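The values are calculated or read from the model by the stated rules, or taken from the named source; none is laboratory data. If you're wondering where the values come from, they're calculated on a predicted model, not measured in any experiment. With ideal geometry, Cβ positions are generated from the backbone for all residues, glycine too; neighbour counts draw on all protein chains shown.
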Amino acid sequence: MPKFVAKFCYMSIQNPEKIFQDKVDAEVRIEPKDWMPEKYRQTLIRQISQHAHSEIVGMLPEGNWISRAPSLKRKQILIAKVQDEAGHGLYLYSAAETLGITRDQMYDQLHSGKAKYSSIFNYPTLNWADMGTVGWLVDGAAIMNQVPLCRTSFGPYSRAMIRVCKEESFHQRQGFEALLVLSKGNPDQRAMVQDAIDRWWWPSLMMFGPNDSESLHSEQSMKWKIKRFSNDELRQRFVDMVAEQVKLLGMTLPDPDLKWNEERKHYDFGTINWDEFWNVVNGNGPCNKQRLDARKNAWEAGAWVREAAQAHADKRINRKQKAA
Ligand code: BYC
């Protein structure tokens, strides 16, 4: 038995909470069968399932544009991207299942409104420039938040995030490239890009969650190394990155207070409208009802597929039992 495992086993007899925290502090991943505090398990179920739901609901505003993409190439790219998001949702549901919740329970929490999903997907995608902007800003914010999750303390979540991040970074670059092409187009196309950036900028900043002083879970989640950086730290990194990238598009961000601060070596930026954020999180955003209805309808319309798959699985088990 490796020395550190033996040490942990010995200590766990004495104090499981201490051994758990020592493992976390020593950067040893927590695996599903390891002892863990109940609140750690519940926090992970909440965060991973919210993340999975976000990937699945996130397919809706983009799927809406597959039939209207301006060329075959853009259509293929968008189909591949939406398919990737479905895959991300499935890895994440699988990671959450290892914590003792079933997939049906998670769907039920989404459909009943008990589980949250990211606020960003409650905004409408009005024109083609929105697709590029979602790729650049929304996937960009997602990567900023999710790369540190590749080192999160729970093994199945951290492993799922490695693949998710590789694909998300591809998504972000395709979004920026689509916008770059439009930004070199005619005045109407340039105006579309600026309009999309104006509408998506503030909601993208809200994706990182409330300010640290208002964040309920950050302190404990950082102690458990579920989160590696605070909401405000990640939001600041995102602002610093985008404030430079937007110059390459020849566009601007809709914030008169955005200004490089030489002392802080960061961009200062304006105040986020937190009333709007909580309004959207609490179910009253522009598309909340539409998004939930779409997921509930898909669940109900898919009942026959689940029944058929179950009947097929039962038939195979019966056949195997008879043969044995
Ligand atoms: N939207 O204490 P806090 C994606 C809730 S990207 C809705 O700071 P925490 C994708 C929070 O749940 C999006 N709710 O919480 C990208 C909590 O409420 P409850 C998904 C939000 O968990 C492109 C309360 O506010 N990414 O999937 O420490 C294409 C207090 O907040 C939001 C992830 O989920 C929000 N924006 O930190 C396709 C990444 N922000 O649960 C798909 C993983 C906060 O107590 N998640 N709330 O009722 C995280 O990193 C963290 O959960 C958060 C929040 C940073 C989001």
- Message: Please verify whether H312 is in contact (Cβ under 8 Å) with a residue 24 or more places away in the chain and either charged (D, E, K, R) or farther than 29 Å from S54 by Cα (or both), treating the condition exactly as stated.
- Response: no
- Scan the stretch 159-200 for residues that are among the hydroxyl-bearing types (S, T, Y) and either buried (at least 17 other Cβ atoms within 10 Å of the Cβ) or not in a helix (DSSP H, G or I) (or both) and report the count. 1
- Which one of I79, I19, I48 is part of a helix (DSSP H, G or I), in contact (Cβ under 8 Å) with a residue 24 or more places away in the chain and not small (G, A, S)? I48
- Cβ-Cβ under 8 Å pairs, at least 6 apart or on other chains, the stretch 125-152 side free of Cβ contacts under 8 Å to residues at least 24 places away in the same chain and assigned to a helix (DSSP H, G or I), far side among the β-branched types (V, I, T) and away from the ligand (no atom under 11 Å from the Cβ): C150/I162
- Say whether the condition of being under 16 Å from the mean Cα position of the chain (by Cα) and assigned to a helix (DSSP H, G or I) is met by at least one residue in the stretch 214-233. yes
- Task: Can you tell me which residue among W299, W274 is hydrophobic (A, V, I, L, M, F, W, C) and closer than 30 Å to D198 by Cβ?
- Result: W274
- Are there any pairs with C-beta distances below 7 angstrom linking a residue in the stretch 192-217 that is hydroxyl-bearing (S, T, Y) to a residue that is surrounded by 20 or more Cβ atoms within 10 Å (Cβ to Cβ) and not in a helix (DSSP H, G or I), with the two at least 6 apart or on different chains, and if so which? S215/G209
- Query: Which condition breaks for C9 when tested against (1) at pLDDT 95 or above; (2) assigned to a helix (DSSP H, G or I)?
  - Reply: (1)
- Note on the structure: If we keep only residues of the stretch 201-224 that are near the ligand (Cβ under 8 Å from one of its atoms) and hydroxyl-bearing (S, T, Y), then the residue surrounded by the fewest Cβ atoms within 10 Å (Cβ to Cβ) is S215
- For the stretch 100-113, indicate whether the set of residues that are within 14 Å of the ligand (Cβ to nearest atom) and over 18 Å from the mean Cα position of the chain (by Cα) is non-empty. yes
- Kindly check whether there is at least one residue in the stretch 43-51 that is within 10 Å of the ligand (Cβ to nearest atom), among the hydroxyl-bearing types (S, T, Y), modelled with pLDDT of 95 or more and out of contact with any Lys or Arg (no Cβ under 6 Å at 6 or more places or on another chain). yes
- Note on the structure: Subset of the stretch 49-85, residues under 18 Å from H111 (Cβ atoms) and among the aliphatic types (A, V, I, L, M), comes to A52, I56, V57, M59, L60
- Tell me which residues, restricted to the stretch 276-302, are assigned to a helix (DSSP H, G or I), within 13 Å of the ligand (Cβ to nearest atom) and in contact (Cβ under 8 Å) with a residue 24 or more places away in the chain. E276, F277, V280, V281, G283, N288, R291
- Message: With the requirement that a residue be more than 9 Å from the ligand (Cβ to nearest atom) and over 19 Å from L253 (Cβ atoms), what does the stretch 132-151 give you?
- Response: V147, C150, R151
- Message: Every residue in the stretch 234-275 that is in a loop (DSSP other than H, G, I, E, B), free of Cβ contacts under 8 Å to residues at least 60 places away in the same chain and surrounded by fewer than 16 Cβ atoms within 10 Å (Cβ to Cβ), please.
- Response: T252, P254, P256, D257, E262, E263, R264, K265, G270, T271
- Being at negative phi, modelled with pLDDT of 95 or more, buried (at least 23 other Cβ atoms within 10 Å of the Cβ) and over 17 Å from the mean Cα position of the chain (by Cα) narrows it down to one of A142, A129, so name that one. A129
- Note on the structure: Note on the stretch 99-122: residues assigned to a loop (DSSP other than H, G, I, E, B) and surrounded by fewer than 21 Cβ atoms within 10 Å (Cβ to Cβ) are L99, G100, I101, T102, G113, K114, A115, K116
